1. How far, in nm, would the chain grow between residue 222 and residue 360 when pulled straight, counting 0.36 nm per residue and subtracting the alpha carbon separation?
2. Could you give log10 I(q)/I(0) at q = 0.11, 0.14, 0.17 Å⁻¹ for the stretch 129-273, computed by the Debye formula over C-alpha point scatterers of equal weight, without solvent?
3. Relative to the present Cα-Cα distance, how much length would full extension add between residue 316 and residue 176 at 0.36 nm per residue of separation?
4. Given charges of +1 on the Cβ of Lys and Arg and -1 on the Cβ of Asp and Glu, with all other atoms neutral, how large is the dipole of the stretch 66-143 about its Cα centre, in debye to the nearest 20?
5. Give me the Debye-computed log₁₀ of I(q)/I(0) at q = 0.16, 0.25 Å⁻¹ for the stretch 1-73, equal point scatterers on Cα only, no solvent, two decimals.
6. Using a Gaussian network model of the chain with C-alpha springs under 10 Å, which one of 151, 195, 42 is most mobile by mean-square fluctuation?
7. Alpha carbons only, please: Rg and Dmax for the chain, in angstrom.
8. Using the alpha carbon gyration tensor of the stretch 59-129, what are the three equivalent-ellipsoid semi-axes (square root of 5 times each eigenvalue), largest first, in whole Å?
Amino acid sequence: MRSESAATNLRCVDCQQSHALEYRLACQACGGLLEIEYDLQRLKDEPLVQPHRTGVWRYAAWMPVQDGTNFVTLGEQLSPLFQISRLGAELGLRRLWIKFEGSNPTGTVKDRSSQTAVACARQFGFDAVGVVSTGNAASSIATYAARAGLRGLVCCYTRSTAAKMAHLAGVASDVIWYEGVYDDMIRHFDAAVDRGWLFDGGATRNPFKQDGKKSIALETYEQLGRAPDLMVYPVGMGETLLAGQRAWVALAATGRIKKPPRPVSAQSTEANTIAEAWRTGAELRAKTIGYTVAEGTAVGDMGAKGRLTLRRIREQNGLAGDVSDEETLDMQRRLAQTEGLWVGPTGAVPLAVTARLAREGKLDPNAEIVCISSETGLKGDWPQLQVRGEEPSLELIRQSLGRPPTE
Ligand SMILES: *Cc1c(COP(=O)(O)O)cnc(C)c1O
Ligand SMILES: [Zn+2]
């Protein structure tokens, strides 16, 4: 039977050695990161979209899963792409778009890579898949694992929001709550993966999992009919940026666009390792981080993925920026009130960084810019509102709307 996938081999991003297409997390020669290569001629010859399919499987040839019986889906639709003209005008940007990931089944961008992670766990014969997460990856991996009939082991820190914790505790077959931050837990998880106990659903090194996120660029291309000038990604481990740009590069290589958009990395100031290195021209330096409301960006040590992310930003003439929690929460409110889009704090970081780069004169006002809003606001990661109730009355409504007094 013909493979659904045009994937051909793995290639090391450092020494370029090619490896057979099997479950492998590092280069045998140098330990470097691996990426999947695809038959570009096939990607060029076949239609981009298989419209009868859902989620990342609409682009099955661009994904690493060979046998369609391993596909897993929760009825995903394309996430909406909105032009935000009012807010764009306020920021001095004429062609500003939001790719809103809150519409995915578990409300975040993670659902894209969870589809390929869980389908590949099946492809390689695993009965369990797992991840270390601040909340979103955990509920997403656990949800798709359950849908596929696999075990989902998720490790989550105890500082996540009540909504995220309830969600993942509800869907996961196995939960480990830990004290500390992501960086404290991940090496133990990686050791479990190295023992073959479970399929790696994490973002540190699995090339099979990452490729699901290529669909964010493929959808944007499908919706826009072209490549934007800039694509602004929230950066945690860098997967979304790396995968998105890989898809844009392949869209160019197959003649569908002239050139990929310039990638923009958007981080919280608390975890601004890429932005720091980009500004100073230095190598990536890990950082011990504390809490940030932008939980999806809360990674102080991106390791090899971080070095690759920085390299690609430099190669592709990209940009990087970071914003404080205050700027993030302010942008979350503005986006909600100006455009009706309620996103989580991490989902507001790309737009907040875009606003800051525009203020600093680093953006052409006529550039077409797509910001990824990576999560719904309904998962509640901001301080509890402190409110005092009033005596119900018609007068309250009249005053609020500024209508004339009635007798
Ligand atoms: C995980 C996550 C990110 C960061 O994604 P990477 O691909 O790891 O860089 C961004 N936003 C949200 C909401 C996330 O959950
Ligand atoms: Zn190598």
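1. Values: separation 138, 0.36 × 138 = 49.68 nm, distance 3.15 nm.
Contour length minus the Cα-Cα distance gives 46.5 nm.
2. -0.49, -0.75, -0.99
3. Working: separation 140, 0.36 × 140 = 50.40 nm, distance 3.90 nm.
Here the answer is 46.5 nm.
4. Values: 7 positive and 6 negative charges, 80 e Å.
It works out to roughly 380 debye.
5. The Debye formula, applied to the Cα set alone, gives -0.62, -1.08.
6. Highest fluctuation among the options: 195.
7. 21.3, 85
8. Details: eigenvalues 239, 27, 18 Å².
So the three semi-axes of the stretch 59-129 are 35, 12, 9 Å.
Any read-out appearing in this document is the output of simple, stated calculations on the displayed coordinates, not a laboratory observation. In this text the structure is predicted, and so the values were computed from the model without any measurement. Positions of Cβ are backbone-derived with ideal geometry, glycine not excepted, and every protein chain shown enters the neighbour counts.
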